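Take a look at the structure below.
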Amino acid sequence: MNRDIDHVLVSQQQLQDKISELGAQISRDYDGHELLLVSILKGSVVFMTDLMRAISIPCAIDFMVVSSYGGSNTTTTGLVKIVKDLDQDLTGKDVLIVEDILDTGVTLSHLMPMLRMRNPSSVKICSILSKPSRRKADIEPDYKGFDVPDEFVVGYGLDYDEKYRNLPYVGVLKPEIYTKA
Ligand code: PRP
Ligand code: MN
Ligand code: MG
């Protein structure tokens, strides 16, 4: 295990088992629909590549980069700026947003109305992790992997200072790593 990790929260095996379930459920729910998976970079990239291979129906993929700004991080008035937009037109598509974690929910609560204005058939959320205790916006994932406690989680796409995204499990960072900064 990485020496900066205190303990593993969700193992590689637990992730893969859950993703198989999610992929099967999504394949049933969207059968016959024009499914478009939208990965919000960068955190979701690992989950996206696993999830898309667990989906057995035709689907397209696209990527988006957003940045939150405005207000302090203790307010609910954050805005979302699109740094890199989707390539595809959303008209008539069933959009499934793929995320690594739904934390305060502020990012997606601002992004979803922006996507809905493009006339998709539907917009839903699939997040491998959720931190319900941190929620500020009234938003929940439609498809969810695991609830996690309010701890500093990294790995499986999640970073601290751009590091640890490549860990194949979700772990809790040792406090000494982020307190010494
Ligand atoms: C993280 C995470 C989600 C978002 C969730 O991304 O990957 O996209 O924050 O936060 P929220 O629910 O409180 O809005 P981050 O902005 O750190 O960018 P990254 O994915 O490039 O790491
Ligand atoms: Mn992210
Ligand atoms: Mg991040």
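Just so you know, all these numbers are worked out from the coordinates, no wet-lab data involved. All figures in this text were calculated on a predicted structure; none of them were measured in a lab. When we count neighbours, we look across all protein chains shown, and the Cβ atoms used for this are built from the backbone with ideal geometry, even at glycine.
Starting from the Cα gyration tensor of the stretch 1-69, take the square roots of the eigenvalues, sort them a ≥ b ≥ c, and report rounded, prolate or oblate (rounded when a/c is under 1.5, otherwise prolate if a/b is larger than b/c, else oblate). Here the stretch 1-69 falls in the oblate category.
Taking only the Cα atoms of the chain, the ratio Rg/Rh comes out at 0.96, with Rh defined as the Kirkwood radius. Note on the stretch 64-181: antiparallel DSSP beta bridges, both residues inside, total approximately 45 percent of the bridges counted. Treating r as the C-beta distance of SER11 and THR91 and R0 as 41 Å, the FRET efficiency rounds to 0.50. Charge dipole (Cα centre; +1 on Lys/Arg Cβ, -1 on Asp/Glu Cβ; no other charges) of the chain amounts to roughly 300 debye. Relative to the longest principal axis of the C-alpha atoms of the chain, give the angle of the C-alpha long axis of helix 45-54, reported between 0 and 90° and rounded to the nearest 10°. Helix 45-54 and the main axis of the chain meet at about 50 degrees. Modelled this way, with points 7 Å down the Cα-to-C-beta line, the labels at ASP62 and LYS174 are 4.4 nm from one another. Under 22 Å of direct C-alpha separation, and excluding same-chain neighbours fewer than eight residues apart, LYS18 reaches these lysines: LYS42, LYS124, LYS131, LYS144.
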